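This report refers to the structure that appears directly beneath it.
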Amino acid sequence: MRFLVVGAGAIGGYFGGRLAQAGRDVTFLVRPARAERLRADGLAVLSPHGDFTIQPQLLTAGNITAPYDVVLVAVKAFALESALDDLAGAIGSETMIVPVLNGMRHIDVLIERFGQQAVLGGLCLISSTIDEHGRIVHLSPAQDLSYGERSGGISARVTALDGSMQGAVFNARATASVLPEMWEKWVMLAALGGITCLMRGTIGDVAAVPGGTGFALAFLDECAAAAGASGYPQSEEFLTRSRAAMTRAGSPAASSMYRDLQQGNKVEVDQILGDLLERARTLGVATPLLATAATNLKVYQARL
């Protein structure tokens, strides 16, 4: 399979880099400045699973000449709209679009542009960032990538995709329940992001102060209630695990949105918090903490 990875940042660069390292046919669609740096220094990854550097195949907008079998969309959620025209030439009648963006709004955007058939569901579990040297730094052992038909089941094309994904160091998995899993991840991200960004601290920092644990649990409950009202109730097993994670003493856990906030960068507030808040309001679910966090981050973002 021919892979086009849209974005060579902390997510796309890691998974695409691992696929290329394993000998897959991978090309990265990147901005000119990122292309210049990657051509000069290579795509470098620092990871608990082994460091590596490759000389990646690169394309910039306007230079796609034929469709790809798989388009892995790994840009920040707020950058998707501007990337649609750039990647359009890569989409053929048999192309599988595998997005690993946060939230759910991107699915509607991709379907509207490229149709129902092309768009699979996808999600990843990884903590990574780009350092001052342009290297991708993998921050923890987790490196999971899941994908599947939004309608459920394991189709022939997903089986073929899974075959190409296996053996590339990271944990690749075809799933028959990709949408429920995406919603589960969204609840977790919204809670983790909202708690740490609003409180300007890690989970451990929040848990260490009076009222912190109660605040964290209430925030998680609001996110789960919004998901349940949307048709995706969260299991008790997930909620038990999440409650423990959101209140763990000394935990260094924080979201990528919090790291972006700390670095003075743009954050995915509209896609992670704002969209969930909008759905909750439409369905009549009260989410005052979610609304407070979303407003707080929108004020921050407006100042950038």
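Summary table
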item	result
Residue within segment 148-170 that is crowded, with 23+ Cβ neighbours inside 10 Å, assigned to a strand (DSSP E or B) and either among the charged types (D, E, K, R) or in the same structural domain as GLY17 (by TED's automatic domain parsing) (or both) present	yes
Condition met for LEU38 (in the same structural domain as LEU110 (by TED's automatic domain parsing), surrounded by fewer than 20 Cβ atoms within 10 Å (Cβ to Cβ) and of a type in the set (A, V, I, L, M))	no
Test: residue in segment 35-46 that is touching an Asp or Glu at 6+ places or on another chain (Cβ under 7 Å) and on the phi < 0 side of the Ramachandran plot	yes
Filter pass, VAL119 being touching a strand residue (DSSP E or B) at 6+ places or on another chain (Cβ under 8 Å) and either on the phi < 0 side of the Ramachandran plot or crowded, with 19+ Cβ neighbours inside 10 Å (or both)	yes
Sole exception among (1) part of a helix (DSSP H, G or I); (2) out of contact with any strand residue (DSSP E or B) (no Cβ under 9 Å at 6 or more places or on another chain) for ARG18, by number	(2)
Any hit, segment 146-158, residues being closer than 27 Å to PHE52 by Cα, in contact with a strand residue (DSSP E or B) (Cβ under 7 Å, 6 or more places away or on another chain), touching a residue at least 24 places away in the same chain (Cβ under 8 Å) and of a type in the set (Ser, Thr, Tyr)	yes
Residue in segment 123-138 that is in the same structural domain as ARG37 (by TED's automatic domain parsing), touching a helix residue (DSSP H, G or I) at 6+ places or on another chain (Cβ under 8 Å) and over 23 Å from PHE52 (Cβ atoms) present	yes
All positions within segment 15-28 that are touching a residue at least 40 places away in the same chain (Cβ under 8 Å) and of a type in the set (A, V, I, L, M)	LEU19, ALA22
Residues that are surrounded by fewer than 18 Cβ atoms within 10 Å (Cβ to Cβ) and at negative phi, drawn from segment 186-201	GLY201
Residue in segment 200-215 that is over 30 Å from GLY152 (Cα atoms), hydrophobic (A, V, I, L, M, F, W, C) and in contact with a Phe, Trp or Tyr (Cβ under 8 Å, 6 or more places away or on another chain) present	yes
Filter result for GLN166 (among the polar types (S, T, N, Q), over 18 Å from ASP260 (Cβ atoms) and touching a residue at least 60 places away in the same chain (Cβ under 8 Å))	no
Count of residues meeting criterion [within 12 Å of VAL45 (Cβ to Cβ) and either among the polar types (S, T, N, Q) or part of a loop (DSSP other than H, G, I, E, B) (or both)] in segment 134-147	3
Residue ranges of strands (runs of 3 or more DSSP E) in segment 29-124 with at least 1 members β-branched (Val, Ile, Thr), in contact (Cβ under 8 Å) with a residue 40 or more places away in the chain and under 28 Å from ASN171 (Cβ atoms)	43-46, 70-73, 96-99
All positions within segment 171-222 that are in contact (Cβ under 8 Å) with a residue 40 or more places away in the chain, small (Gly, Ala, Ser) and either part of a helix (DSSP H, G or I) or not assigned by TED's automatic domain parsing to the domain that holds SER256 (or both)	ALA190, ALA191, GLY193, GLY194, GLY204, ALA207, ALA218
Tabulated pairs, segment 273-302, first farther than 16 Å from GLY228 by Cβ, second part of a helix (DSSP H, G or I) and of a type in the set (Phe, Trp, Tyr), C-beta under 8 angstrom, 6+ apart or interchain	LEU289/PHE215; LEU289/PHE219; ALA293/PHE219
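The values are calculated or read from the model by the stated rules, or taken from the named source; none is laboratory data. What you see is a predicted model; the values in this text were computed from it and never measured. Because the Cβ atoms are built from the backbone with ideal geometry, glycine has one as well, and the counts that use them run over all protein chains shown.
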